[in-house]
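See structure below.
Read the figures in this text as sums done on the coordinates, not as results from a lab. This is a predicted model, so every value here is computed, not measured. Positions of Cβ are backbone-derived with ideal geometry, glycine not excepted, and every protein chain shown enters the neighbour counts.
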Amino acid sequence: MKPASRIRSLGSCLPPKVLTNAELEKIVETSDEWIRTRTGIRERHISGPDEYSSVLATRAAELALHRAGMTGADLDMIVCCTISPDQPLPATGCIVQSNLKATKAVAFDIAAACSGFLYGLSIADQFIRTGKAKNILVIGVEVLSRYVDYTDRATCVIFGDGAGAAVVTPADSDSGIYSTQIRSDGSLAEFLYIPGGGTHYPATHHSIDDRLHYIKMKGNELFKVAVRSMDEISRKVLDDAGMRAGDIDLLVPHQANQRISEAVRERLGVPTERIYANIDRIGNTSSASIPIALDELYTQGRLKEGMNLLLVSFGAGVTWGGALIKW
Ligand code: UT7
């Protein structure tokens with residue numbers, strides 16, 4: 001089997017402000033020790049007022065385009081994966097399109113939470129496979145700090161802000177995307193959600209007073225489904241690509257919780273040195289976490305031709321996904 005598409009270049013953007021566990025200790029009843037041992041997180045980046053989603057997304061995209069030797073004008077499509085858009089209307093992807101002067105690109109948003117980037121990658125692969133598009137920008141961007149309740153210690157310690165972007169183009173060799181798999185189960189929607197601000201509970205004084213515009217999470221329940229689903233989809237992706245866990249050179253999981261990543265790694269039987277983790281510095285950036293991790297690997301010179309990367313994610317919806325890429 002030959003791949004249809006490949007990631008040609010990557011870029012990312014983190015807002016400069018860092019929020020440490022020590023600072024969180026002053027805001028809610030928590031401790032650096034609890035956060036580190038239960039999640040693996042030491043610090044996360046938090047956006048300032050002018051660093052909203054389209055701003056971070058545009059910076060990450062400009063870097064990826066520059067590395068691909070392209071400009072916005074070369075793009076056929078922009079898939080902007082986010083659950084923290086600039087505003088309800090229009091799509092953040094359209095704002096990014098305007099920023100990049102990507103005049104011939106069709107642009108839209110995908111709301112698949114932490115699985116967003118893998119949904120976007122899967123969409124890009126399908127459009128390239130059918131010949132409907134050539135140059136596709138897939139962005140994962142979140143500014144979840146705007147939706148985090150800094151009185152709720154169970155969620156405020158986890159999330160961080162950031163953006164990652166990938167330029168996806170037709171494959172011209174054995175390197176490329178060998179498999180993508182995406183899944184959803186809406187019956188578990190209330191495991192992780194923001195009740196207010198939409199058409200069910202529109203923004204009112206009442207919805208604000210009741211804190212309905214903040215993230216609510218059943219962390220414990222999510223944890224178990226996350227491990228099970230990420231394990232299952234990893235096996236499906238490997239099967240699809242005709243590979244086994246022993247063929248994986250690098251496992252790049254969505255950075256939700258270091259204990260989740262470790263449990264998935266262990267179930268798959270991937271050696272410790274073959275998993276990538278940056279959750280200690282970046283926290284959980286939802287749809288941005290995998291492209292940020294890939295961009296870090298690229299800048300560290302760790303992505304070598306012929307390496308097999310297994311990407312796997314799980315998030316609100318619930319949604320999950322996997323991808324097998326030969327670099
Ligand atoms: O991005 C994809 C979607 N998100 C996820 O996949 C998240 C999955 N879940 C998790 O990462 C973990 O469940 C959490 C990190 C959210 C929580 O860790 P946990 O080990 O599952 O803790 P828990 O919810 O079972 O809570 C254990 C205790 C509770 O106290 P009691 O009832 O035992 O007295 C909590 O109130 O820890 C308490 N607790 C905290 N203590 C200090 C919860 N949050 C904190 C905190 N600091 N920040």
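Where the centre of each part is set by its Cα atoms, how far does region 56-120 sit from region 206-252, in angstrom?
Result: 23 Å between the Cα centres.
Please report the spacing between the Cα centers of region 269-321 and region 141-157 in Å, no decimals.
If you average the Cα positions of each part, the centres end up 21 Å apart.
Counting DSSP beta bridges in the chain, what percent are antiparallel, to the nearest 5?
Within the chain, antiparallel bridges account for around 70 percent of the total.
Using the Cα centre as the reference, give the magnitude of the dipole from point charges on the C-beta atoms of region 5-172 (Lys, Arg: +1; Asp, Glu: -1; all else neutral), rounded to the nearest 20 debye.
Magnitude of the dipole: close to 620 debye.
Calculate the dipole size of the chain relative to its Cα centre from +1 charges on Lys and Arg beta carbons and -1 charges on Asp and Glu beta carbons; express the result in debye to the nearest 20.
660
Within 14 Å, Cβ to Cβ, of PHE223, how many net charges do the neighbouring residues add up to if Lys/Arg are +1 and Asp/Glu are -1?
Charge balance near PHE223 sits at +3.
Setting aside same-chain residues fewer than 8 positions from LYS218, which lysines have a Cα under 18 Å from its Cα?
Hits, sequence-local ones excluded: zero.
Do the sum for the chain: with -39,500 (n - 2.57) for every DSSP H run of n ≥ 4, divided by all residues, what is the mean residue ellipticity at 222 nm, to the nearest 500 deg cm²/dmol?
-10000 deg cm²/dmol
Could you state, as a whole-number percent, how many of the C-alpha pairs of region 204-278 are farther apart than 20 Å?
43
State, as an integer percentage, the relative contact order of region 178-326 based on alpha-carbon contacts under 8 Å between residues 6 or more apart.
Rounded, it is 36 percent for region 178-326.
Order these by the 10 Å Cβ neighbour count, fewest first: GLU33, GLU142, GLU190.
Listing GLU33, GLU142, GLU190 from fewest to most nearby Cβ atoms yields GLU33, GLU190, GLU142.
State to the nearest 20 debye the size of the charge dipole of region 178-326 about its Cα centre, where the only charges are +1 on K and R beta carbons and -1 on D and E beta carbons.
Dipole magnitude for region 178-326 comes out near 160 debye.
So what does the Cα-only Debye profile of region 5-172 read at q = 0.11 Å⁻¹, as log10 I(q)/I(0), no solvent term?
-0.47
Remind me, relative contact order of region 195-260 in percent, using alpha carbon pairs under 8 angstrom and six or more residues apart?
Reported relative contact order: 22 percent.
Sort largest first and round to whole Å: the equivalent ellipsoid semi-axes of region 178-326, each the square root of five times a Cα gyration tensor eigenvalue.
Equivalent-ellipsoid dimensions as semi-axes: 32, 16, 13 Å.
Taking the number of other C-beta atoms within 10 Å as the exposure measure, put VAL167, VAL96 in order starting with the fewest.
Taking fewest neighbouring Cβ atoms as first place, the list is VAL167, VAL96.
Please order LYS2, LYS134 by the number of other Cβ within 10 Å, starting at the fewest.
Going from least to most buried by this count: LYS2, LYS134.
In the structure displayed, which of LYS17/LYS104; LYS17/LYS132; LYS236/LYS304; LYS101/LYS236; LYS2/LYS216 lie more than 31 Å apart, Cα to Cα?
LYS17/LYS104; LYS17/LYS132; LYS101/LYS236; LYS2/LYS216
Take the Cα atoms of the chain, build their convex hull, and give its volume per residue in Å³.
Normalising the Cα hull of the chain by residue number yields 127 Å³.
Take every Cα-Cα distance within region 255-295, group them into 10 Å bins from 0 onward, and report for each bin the whole-number percent of pairs it holds.
28, 56, 15
Tell me the net charge near ALA4. Cut-off is 15 Å between Cβ atoms, ALA4 excluded, with +1 for each Lys or Arg and -1 for each Asp or Glu.
+2
Out of residues 5 or more away from ARG6 or on other chains, whose amide H comes under 5 Å of its own, with H placed 1.01 Å from N in the peptide plane?
So ARG6 has HN proximity to THR169, ALA171, ILE177.
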